[in-house]
1. Open to solvent by less than 40 Å² (accessible area, probe 1.4 Å) and either part of a helix (DSSP H, G or I) or touching a strand residue (DSSP E or B) at 6+ places or on another chain (Cβ under 9 Å) (or both): does that describe Leu158?
2. Inspect all residues belonging to segment 163-171 and state whether any of them is part of a helix (DSSP H, G or I) and either closer than 27 Å to Lys2 by Cα or under 18 Å from the mean Cα position of the chain (by Cα) (or both).
3. Could you tell me which numbered condition Ala183 fails, if it satisfies all but one of (1) within 13 Å of Glu86 (Cβ to Cβ); (2) open to solvent by less than 80 Å² (accessible area, probe 1.4 Å); (3) out of contact with any Leu (no Cβ under 6 Å at 6 or more places or on another chain)?
4. Is it true that Ser23 is surrounded by 21 or more Cβ atoms within 10 Å (Cβ to Cβ) and small (Gly, Ala, Ser)?
5. Just to be sure, is Leu85 open to solvent by less than 50 Å² (accessible area, probe 1.4 Å), at pLDDT 85 or above, touching a Leu at 6+ places or on another chain (Cβ under 7 Å) and closer than 26 Å to Lys50 by Cα?
6. Being open to solvent by 40 Å² or more (accessible area, probe 1.4 Å), closer than 22 Å to Ser130 by Cβ and at pLDDT below 90, is that true of even one residue in segment 35-50?
Amino acid sequence: MKPWTSGPRELLEHAVDHFGKGSAFDYRIAFISIDNSVELMLKTYLGLPKRIRNSDGPSRRKLSEASTSFPDLLDLLDEFGNDKLEGIELGDIEWYHRIRNTLYHDGNGVTVDKEKVDSYLQISVILFNSLFDEAFTTDNRLEPASVVGEIVLRSSDLEHKLNLLYKEHFPEEGGGRVPIYKAAQELYGKGVLSKEVVEQINESRIIRNEAV
């Protein structure tokens with residue numbers, strides 16, 4: 001286990017533990033812990049030395065200025081870690097963060113449903129694994145506990161496989177992340193995917209976005 005991942009990992013473990021208990025209170029605590037972990041992931045990854053991250057990162061001043069604004073941290077990740085975002089929509093994370101703020105600041109009587117917690121948990125685990133090239137594992141159950149969580153996981157896997165296929169057929173474009181719709185269209189244009197498969201992929205993305 002890499003030492004710089006211990007903080008985000010502990011927060012995720014705390015979230016998984018509470019999520020498994022299943023009460024409204026535990027869902028609320030789990031959701032807040034997930035969001036805290038995601039925020040710490042962003043700050044940790046963006047602050048890693050270049051020799052560890054193997055890519056350029058923001059200046060210390062830029063990171064410091066963004067550290068007080070969650071949306072600004074997402075913007076920095078989009079700029080300096082876009083290739084790490086397979087299967088992840090930053091807009092989803094920002095939306096979930098707003099829910100977290102409501103729970104945290106107006107928590108008395110405010111609840112969050114199981115599907116939202118499960119969805120954010122699956123997204124956060126995907127992000128953790130991708131940012132740190134290290135699998136998040138826990139003694140507690142981590143498989144999707146809802147249809148929405150399952151959709152998030154399957155969508156991420158689909159995007160990952162499409163990107164591998166894209167890089168295989170378009171090696172000249174480098175190894176950066178390609179949006180799923182672009183990968184599908186380009187692969188269709190090259191005759192790798194059929195029109196029917198592309199339509200199914202596009203439909204699956206609509207379903208995923210509506211569910212999340």
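1. Working: open to solvent by less than 40 Å² (accessible area, probe 1.4 Å): no; either part of a helix (DSSP H, G or I) or touching a strand residue (DSSP E or B) at 6+ places or on another chain (Cβ under 9 Å) (or both): yes.
No.
2. Yes, segment 163-171 contains at least one residue that is part of a helix (DSSP H, G or I) and either closer than 27 Å to Lys2 by Cα or under 18 Å from the mean Cα position of the chain (by Cα) (or both).
3. Only one criterion in (1) within 13 Å of Glu86 (Cβ to Cβ); (2) open to solvent by less than 80 Å² (accessible area, probe 1.4 Å); (3) out of contact with any Leu (no Cβ under 6 Å at 6 or more places or on another chain) is unmet by Ala183, namely (3).
4. Working: surrounded by 21 or more Cβ atoms within 10 Å (Cβ to Cβ): no; small (Gly, Ala, Ser): yes.
The answer is no for Ser23.
5. no
6. Among the residues of segment 35-50, at least one is open to solvent by 40 Å² or more (accessible area, probe 1.4 Å), closer than 22 Å to Ser130 by Cβ and at pLDDT below 90, which makes the answer yes.
The values are calculated or read from the model by the stated rules, or taken from the named source; none is laboratory data. This is a predicted model, so every value here is computed, not measured. No Cβ is skipped: glycine too gets one built from the backbone with ideal geometry, and neighbour counts run over all protein chains shown. We work out accessible area using only protein heavy atoms, side chains counted, and drop any ligands, DNA or RNA first. Shrake-Rupley method; radii C 1.70, N 1.55, O 1.52, S 1.80 Å.
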